[in-house]
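Worksheet for the structure shown next.
The values are calculated or read from the model by the stated rules, or taken from the named source; none is laboratory data. Since this is a predicted model, take the numbers as computed values, not measurements. Cβ: placed from backbone, ideal geometry, glycine included. Neighbour counts: every protein chain shown.
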């Protein structure tokens, strides 16, 4: 394993899913040895997920470089360094007050997100824009179930969509404010895609009632059991919504 310290460019490329397999493994090995740096990277990944969920499809970001997550992270780092110089002249109480204000701001931002907006953002990145690769590629249900069980503890069984003409093709992990999330992608013979997305509800136990919502040309059908939030995401006009709802009901 190459233990070379990754550059800032590689760190940002890793966050945005733009590294090849060998460098991605090298960066992950480095982060495993440096927990403080790993926590910083996870925070940036959470910011990236928020931005992509907020702005929707990634081509819009490409048209406006100011909305690119890497560009935003660089601006925030510059502002942070400037604030450090100012903070040295402030009393401790002001510092604590300022940090508390930022925490409340972040909490309100997260609570304002629509239900399973991160599930839709993940679908757009993997199934629509294909801007990030799958972490695991397999058409075997047992392989993907084992992968899911490894990363998401005590989660439900994967939905069986074979009767609807869909088979799994792989999975991808994502970072959220609530903890690690996972998506398993299914496709049919015509290339239509359905994603199964699961994430923990977080310390506030924000479980979701069963429901659905459309966002542009995507539909998310979602619900919760006692431990996790789940969503099935598909195109509004490309899939039998009743079959998707039935598959989700069998999961939760």
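What the table below lists for this structure:
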| quantity | calculated |
| --- | --- |
| Residue count, segment 214-234 (criterion: out of contact with any helix residue (DSSP H, G or I) (no Cβ under 9 Å at 6 or more places or on another chain) and either surrounded by 14 or more Cβ atoms within 10 Å (Cβ to Cβ) or closer than 18 Å to residue 160 by Cα (or both)) | 3 |
| Sole residue being touching a helix residue (DSSP H, G or I) at 6+ places or on another chain (Cβ under 7 Å), modelled with pLDDT of 65 or more, surrounded by 13 or more Cβ atoms within 10 Å (Cβ to Cβ) and outside the structural domain of residue 126 (by TED's automatic domain parsing), chosen from 45, 25 | 45 |
| Some residue of segment 157-165 being within 18 Å of the chain's Cα centre (by Cα) and surrounded by 14 or more Cβ atoms within 10 Å (Cβ to Cβ) | no |
| Some residue of segment 187-195 being without any contact (Cβ under 8 Å) to a residue 60 or more places away in the chain, under 19 Å from residue 133 (Cα atoms) and buried (at least 23 other Cβ atoms within 10 Å of the Cβ) | yes |
| Residues of segment 136-155 satisfying the condition of being touching a strand residue (DSSP E or B) at 6+ places or on another chain (Cβ under 7 Å) and outside any helix (DSSP H, G or I) | 136, 137, 138, 139, 152, 155 |
| Residues being touching a residue at least 40 places away in the same chain (Cβ under 8 Å) and surrounded by 15 or more Cβ atoms within 10 Å (Cβ to Cβ) - total across segment 130-154 | 7 |
| Test for residue 247: is it crowded, with 22+ Cβ neighbours inside 10 Å and touching a strand residue (DSSP E or B) at 6+ places or on another chain (Cβ under 7 Å) | no |
| Flag if residue 200 is at pLDDT below 90, in the same structural domain as residue 127 (by TED's automatic domain parsing) and within 16 Å of residue 184 (Cα to Cα) | yes |
| Residue within segment 101-117 that is assigned to a helix (DSSP H, G or I), under 27 Å from residue 14 (Cα atoms) and at pLDDT 85 or above present | yes |
| Residues (in a helix (DSSP H, G or I) and modelled with pLDDT of 80 or more) located in segment 226-242 | 242 |
